[in-house]
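The values are calculated or read from the model by the stated rules, or taken from the named source; none is laboratory data. Remember, predicted model here, so these are calculated numbers, not experimental data. FYI the Cβ positions are ideal-geometry reconstructions off the backbone, even for glycines, and counts take in every protein chain you see. Heads up: the accessible areas ignore ligands, DNA and RNA and are worked out on the full protein's heavy atoms, side chains in. Shrake-Rupley method; radii C 1.70, N 1.55, O 1.52, S 1.80 Å.
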Amino acid sequence: MTETPQLYLITPPVFDPQAFAPRLAAVLDAHPVACLRLTLATTDETDVTRAADALRELAHARDVPLVITAHLQLVEKLGLDGVHLTDGARSVRKTRKELGADPIVGAFCAVSSHEGMTAGEAGADYIAFGPAGDSALGDGTRAGHDLFAWWSEMIELPVVAEGALDAGLIETLAPVVDFFAIGEEIWREDDATASLSRLTAPLR
């Protein structure tokens, strides 16, 4: 793999759409983003819809596809571009059948290459592994360099690295991943645009 990995942006789990919109717009205008994922902690449909409506206009005006985590029933209803599944390969086939061939279907497969291959065979457009960095969340298991290296050598399906990323990890993983999914790493900073610039400096 010789191409530079692309950026895949993840929203914060909680945000006010009106306040977040200008921050997101600044990041999208300053950096080439391949995909935006709406990932909210809330399960309130009204709140999710309000957020999706606000971000869809921003993203689509810049030709950035917007996918949503888990809520596949909202993809068509809200005019979104696809769904990011978090249960490995379990619901990929059902989701692909329900959404059809065109929408994006991504699958987060933690650290399991077997889950990733199964999800790919079931119709996923990309596989995400993580966390790529050290995190006290979960059981502490990391998606290591060996997993990404094996995948990039053996499997054609695009692979996404996400979770606890830093500039050092991005530099190390750049030769063996297709996308870096970045979210909380930048949104916790006051200047998310500058934070993303520092984080992705090794890609330039």
### Query
Scanning the stretch 36-50 for residues that are within 19 Å of Gly106 (Cβ to Cβ) and in contact with a helix residue (DSSP H, G or I) (Cβ under 9 Å, 6 or more places away or on another chain), which turns out most open to solvent (accessible area, probe 1.4 Å)?
Leu40
### Task
Please state which one of Ser113, Ser91 is of a type outside the set (A, V, I, L, M), farther than 21 Å from Glu156 by Cβ and surrounded by 15 or more Cβ atoms within 10 Å (Cβ to Cβ).
Ser91
### Query
Can you name the residue in the stretch 155-193 that is open to solvent by less than 30 Å² (accessible area, probe 1.4 Å) and small (Gly, Ala, Ser) and is also nearest to Phe20 (Cα to Cα) among such residues?
Ala192
### Task
Only residues that are open to solvent by less than 30 Å² (accessible area, probe 1.4 Å) and part of a helix (DSSP H, G or I): list them for the stretch 62-77, please.
Leu74, Val75
### Query
Hey, Ala34 hits all of (1) over 16 Å from Thr193 (Cα atoms); (2) out of contact with any Ser or Thr (no Cβ under 9 Å at 6 or more places or on another chain) but one; which does it fall short on?
(1)
### Query
How many of the residues making up the stretch 1-21 are under 25 Å from Ile170 (Cα atoms), surrounded by fewer than 19 Cβ atoms within 10 Å (Cβ to Cβ) and within 18 Å of the chain's Cα centre (by Cα)?
4
### Set Leu147, Leu196, Leu173: member being closer than 22 Å to Pro65 by Cβ, in contact (Cβ under 8 Å) with a residue 12 or more places away in the chain and part of a helix (DSSP H, G or I)
Leu196
